[in-house]
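Working notes, beginning with the structure itself.
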Amino acid sequence: MDWKIYTKSGDKGQTALIGGSRVPKYHQRIEAYGTIDELKSYIGLIRDISEDEDVRTLLFEIQDRLFTAESLIAADSLEAVKGLPKLFETDVEILEKSIDNMNESLPELSSFIMPGGHPLASHTHIARTICRRAERITIKTAEEFAIDPLCVKYLNRLSDFLFVLARKFAFELGGNEIKWKPRRMRE
């Protein structure tokens with residue numbers, strides 16, 4: 001079978017959800033899973049740059065879970081969700097365990113930090129902010145449409161994971177973690 005990238009079916013500004021209903025390309029569901037796709041792509045960049053095989057393996061798994069979340073958000077009905085992969089509470093627990101493991105070797109956090117410190121840490125902070133945006137959009141979408149609550153929970157925990165991962169990269173790669181000092185405290 002010849003699988004074409006272009007179908008021309010979206011040339012008039014509409015696209016199909018899983019289940020077949022057509023919606024405008026600016027539809028809330030499209031915005032939610034499109035932002036998750038952006039996040040998934042950025043995580044791919046971090047995975048490609050990182051030299052830590054354990055981190056690379058986990059980031060690949062995270063990309064897979066994000067594909068799952070995208071498909072769940074793109075499903076237009078409970079019937080359409082039936083044949084799709086699922087997120088599980090254990091997916092969230094894997095992130096929590098990873099956060100706890102990374103935190104064991106990091107200095108205690110006593111203030112806000114400036115994003116940055118090392119190029120890989122900076123990329124990871126950008127991914128974290130994309131994740132937060134994806135979470136906000138998904139929450140808004142879930143107010144109007146039936147969406148698996150684990151999608152929101154996973155994105156919430158993933159942003160925490162990315163924050164700690166950015167700290168890990170800065171710490172292990174010899175970068176600086178710069179504490180934010182409000183102006184009134186610097187004067």
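The values are calculated or read from the model by the stated rules, or taken from the named source; none is laboratory data. Values in this document were obtained by computation on a predicted structure and should not be read as measured data. Neighbour counts are summed over all protein chains in view; Cβ atoms, including those assigned to glycine, are modelled from backbone coordinates with ideal geometry.
Please return the ranges of helices (runs of 4 or more DSSP H) entirely within segment 61-175 where 3 or more residues are closer than 23 Å to Ile30 by Cβ and aliphatic (A, V, I, L, M).
Values: elements: 78-81, 89-104, 119-144, 149-172.
Result: 78-81, 119-144, 149-172.
Yes or no: segment 90-98 includes at least one residue that is surrounded by 15 or more Cβ atoms within 10 Å (Cβ to Cβ) and over 22 Å from Arg56 (Cβ atoms).
Initially, segment 90-98 is screened for residues surrounded by 15 or more Cβ atoms within 10 Å (Cβ to Cβ), giving 91-92, 94-95, 98.
Applying the additional criterion that residues be over 22 Å from Arg56 (Cβ atoms) yields none.
Among the residues of segment 90-98, not one is surrounded by 15 or more Cβ atoms within 10 Å (Cβ to Cβ) and over 22 Å from Arg56 (Cβ atoms), which makes the answer no.
Residues to consider are Arg56, Arg65; find the one that is of a type outside the set (Phe, Trp, Tyr) and more than 14 Å from the chain's Cα centre (by Cα).
On the way: Arg65 fails: more than 14 Å from the chain's Cα centre (by Cα).
When all the criteria are applied, what remains is Arg56.
Would you check which residues across segment 12-25 are of a type in the set (A, V, I, L, M), part of a strand (DSSP E or B) and at pLDDT below 75 and list them? Reasoning before the result, please.
Initial filter on segment 12-25 (of a type in the set (A, V, I, L, M)): 16-18, 23.
After this cut, where a residue has to be part of a strand (DSSP E or B) as well, the list is 16, 18, 23.
Listed by number, the residues that qualify are Ile18, Val23.
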Taking segment 104-144 and keeping only residues that are more than 20 Å from the chain's Cα centre (by Cα), farther than 14 Å from Ala170 by Cβ and surrounded by 13 or more Cβ atoms within 10 Å (Cβ to Cβ), one is left with none
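Yes or no: segment 1-11 includes at least one residue that is modelled with pLDDT of 80 or more and of a type outside the set (Phe, Trp, Tyr).
Taking segment 1-11 first, the residues modelled with pLDDT of 80 or more are none.
Checking segment 1-11: not a single residue is modelled with pLDDT of 80 or more and of a type outside the set (Phe, Trp, Tyr).
Would you check if there is a residue in segment 134-154 being without any contact (Cβ under 8 Å) to a residue 60 or more places away in the chain and of a type in the set (Asp, Glu)? Spell out how you get there, then give the answer.
Of all residues in segment 134-154, those without any contact (Cβ under 8 Å) to a residue 60 or more places away in the chain come to 135-136, 139, 142-143, 149, 152.
Restricting the remaining residues to those that are of a type in the set (Asp, Glu) gives 135, 143.
Checked segment 134-154: at least one residue is without any contact (Cβ under 8 Å) to a residue 60 or more places away in the chain and of a type in the set (Asp, Glu).
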Output for Cβ contacts, cut-off 7 Å, separation at least six or different chains, first residue under 16 Å from Phe67 (Cα atoms) and free of Cβ contacts under 8 Å to residues at least 60 places away in the same chain in segment 81-102, second outside any loop (DSSP other than H, G, I, E, B) and hydroxyl-bearing (Ser, Thr, Tyr), reads Pro85/Thr68; Pro85/Ser71
